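I have placed the structure first, in the form of structure tokens, so that the comments after it can refer back to it.
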Amino acid sequence: MLWENQHRRPWPGRLLNTVILTVVWRALMQTTAVAAPMTHTASIAVATSSISATCERSASDLHVVGFGHFVSTADYAFGAGQHFNEIRFDTGRAGVRTLFGRRGGLVLTAEAVRSAGPDSLFGVAGDSLIVRVRHAFGFVRIEPGYGVVRVEAGLLPDPWLRTLEKHETLGDYIPLFSEQANFFTAGDLGASAEYAILSNRLHIRLAISNGEGSNQTERNRRKDVVGLVSGEVLRLQVLHDIARLGLHAGYRDGTTGAGNAANRRAFSAVTVEHPHFGLRVEHVDAFGYEARPEIRARAFGALLYAQTKPTWLGAWTRLNVVDPDLETSYDRHTEFEGGVFAGLEQLDPVLQLRLAIGYRQIFLGRNAAPVPGSPETSELKHIFVRVTGAFVTGPGDTEDL
């Protein structure tokens with residue numbers, strides 16, 4: 001509109017043009033009525049065909065993708081002369097993604113969670129499973145000429161967790177360590193903008209949000225601001241496929257609660273992606289942890305996995321270390337896990353099922369928080385069987401799923 005306004009003629013010229021066009025149009029209509037009465041029908045048919053073609057083209061630009069996954073585990077834990085076993089439903093998610101061509105779309109994801117908090121025994125009707133909204137946002141894509149800009153608003157995924165999930169194929173089956181250790185929450189109300197350049201190999205994201213996660217409304221006047229850079233720095237031909245090395249880093253300046261408690265994060269990761277294997281190493285420094293602004297905490301996690309293609313058989317191992325207070329000695333929580341899995345992806349192109357058998361061992365420092373129900377335990381072992389399933393229906397990529 002700005003370009004058009006700069007090049008419009010003065011209003012006397014526009015008035016003269018309007019008068020001339022009106023006279024010509026009426027003359028044409030009268031001539032058509034006398035010489036060719038059937039032309040109106042033809043004109044209507046042409047107009048109808050044009051509208052129909054436009055509607056069909058709009059419908060072809062509309063894509064709806066359904067997606068979801070679930071994780072369920074049978075776990076046997078033992079240590080310090082005690083043992084415990086349970087069958088649990090770890091997580092279940094389902095959602096829909098509506099894509100309007102390449103211009104934008106909407107994403108809605110629901111999840112099933114236990115109603116009680118992490119350190120609470122009581123929730124809704126005991127500790128019932130409840131369904132809540134995990135993510136709900138809209139997005140638009142803009143191509144300014146170099147690169148792609150993507151703007152989002154709503155209940156958004158955490159930028160850091162989203163980056164890690166994007167660069168690892170086992171995200172639906174092995175939970176992200178950063179989220180498990182309560183260093184990040186799944187989502188928050190806000191807006192974000194991402195600029196992707198260099199053939200989608202470099203992503204720069206800026207996000208602003210309430211800072212209270214999806215479990216609370218805003219409780220202070222400050223907002224969380226996140227800056228994140230994610231790049232693919234190297235591609236190599238390995239085992240007849242492409243291996244990609246990625247470097248990712250960012251910082252969050254944030255607060256939480258009515259008292260503006262510090263809740264800042266500095267984070268980085270290295271990822272390797274390949275159809276047959278993968279690696280993720282992540283590091284997080286927390287300035288304020290578990291609603292305690294004076295605490296400085298640190299987390300380190302590493303995951304290595306290998307799998308056949310298609311994924312009939314695979315194995316993984318991971319190491320997670322959490323230091324909940326750098327000022328306190330011998331309070332680390334160290335976790336080692338490994339196992340094998342078998343996939344059934346080839347049986348159904350939509351539904352993917354995996355069966356995993358694993359072993360986990362947890363080591364607690366002598367000043368670490370005790371295991372609930374067994375305060376004298378400093379070492380806990382788990383043997384578990386895990387069943388996971390995931391599905392994606394419809395066309396389109398799965399970036400937001």
Has segment 245-267 got at least one residue that is within 24 Å of Arg298 (Cα to Cα), among the β-branched types (Val, Ile, Thr) and touching a Gly at 6+ places or on another chain (Cβ under 8 Å)?
yes
Among residues of segment 219-234, those that are part of a strand (DSSP E or B) and either touching an Asp or Glu at 6+ places or on another chain (Cβ under 7 Å) or among the charged types (D, E, K, R) (or both), counted:
3
Qualifying residues in segment 158-185 (those that are in contact (Cβ under 8 Å) with a residue 60 or more places away in the chain, surrounded by 18 or more Cβ atoms within 10 Å (Cβ to Cβ) and within 15 Å of Gly213 (Cβ to Cβ)) - the one farthest from the chain's Cα centre (by Cα)
Ala181
Looking only at segment 75-92, count every residue that is surrounded by fewer than 14 Cβ atoms within 10 Å (Cβ to Cβ) and not aromatic (Phe, Trp, Tyr) and tell me the total.
8
Restricting attention to segment 235-255, which residues are crowded, with 19+ Cβ neighbours inside 10 Å and among the small types (Gly, Ala, Ser)?
Gly246, Gly250, Gly254
So, in segment 195-234, of the ones that are more than 19 Å from Gly147 (Cα to Cα) and of a type in the set (Val, Ile, Thr), which residue ends up surrounded by the fewest Cβ atoms within 10 Å (Cβ to Cβ)?
Thr217
Among the residues that make up segment 266-286, is at least one of them polar (S, T, N, Q) and over 27 Å from Arg386 (Cα atoms)?
yes
Against the definition (assigned by TED's automatic domain parsing to the domain that holds Glu327, of a type outside the set (A, V, I, L, M, F, W, C) and part of a strand (DSSP E or B)), how does Arg298 come out, yes or no?
yes
Show the residue pairs meeting these rules: Cβ distance below 9 Å; 6+ apart or different chains; first residue within segment 350-367 and part of a strand (DSSP E or B); second residue of a type in the set (Phe, Trp, Tyr) and surrounded by fewer than 18 Cβ atoms within 10 Å (Cβ to Cβ).
Leu351/Phe391; Gln352/Phe391; Tyr359/Phe336; Arg360/Phe336; Gln361/Phe336; Ile362/Phe336; Phe363/Phe336
Qualifying positions in segment 177-194 - farther than 23 Å from Gly147 by Cβ and among the polar types (S, T, N, Q):
Ser178, Gln180, Asn182, Thr185
Just to be sure, is Ala249 within 21 Å of Glu165 (Cα to Cα), touching a Leu at 6+ places or on another chain (Cβ under 7 Å) and of a type in the set (A, V, I, L, M)?
no
List the number of the failed condition for Arg132; all other conditions in (1) charged (D, E, K, R); (2) touching a residue at least 60 places away in the same chain (Cβ under 8 Å); (3) under 22 Å from Arg318 (Cβ atoms) hold.
(3)
Among the residues of segment 256-282, how many are assigned to a strand (DSSP E or B), of a type outside the set (Asp, Glu) and surrounded by fewer than 21 Cβ atoms within 10 Å (Cβ to Cβ)?
10
Take the conditions within 23 Å of the chain's Cα centre (by Cα), part of a strand (DSSP E or B) and either more than 30 Å from Asn367 (Cα to Cα) or aliphatic (A, V, I, L, M) (or both) and apply them to Ala286. Does it pass?
yes
Out of all the residues in segment 84-100, is one or more on the phi < 0 side of the Ramachandran plot and either outside the structural domain of Thr334 (by TED's automatic domain parsing) or not in a strand (DSSP E or B) (or both)?
no
Give segment 177-187 a look and list any residue that's more than 15 Å from Val107 (Cβ to Cβ) and either outside the structural domain of Asp253 (by TED's automatic domain parsing) or of a type outside the set (Val, Ile, Thr) (or both), or say none.
Phe177, Ser178, Glu179, Gln180, Ala181, Asn182, Phe183, Phe184
Would you check if Glu179 is at pLDDT 90 or above, acidic (Asp, Glu) and either within 21 Å of Ala291 (Cα to Cα) or in a strand (DSSP E or B) (or both)?
no
From Val229, Val225, Val238, Val233, grab the single residue that is touching a Leu at 6+ places or on another chain (Cβ under 7 Å) and in the same structural domain as Leu304 (by TED's automatic domain parsing).
Val233
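The values are calculated or read from the model by the stated rules, or taken from the named source; none is laboratory data. Everything quoted here is computed from the prediction, not taken from an experiment. Every residue, glycine as well, gets a Cβ built from its backbone with ideal geometry; the counts of neighbours run over all protein chains shown.
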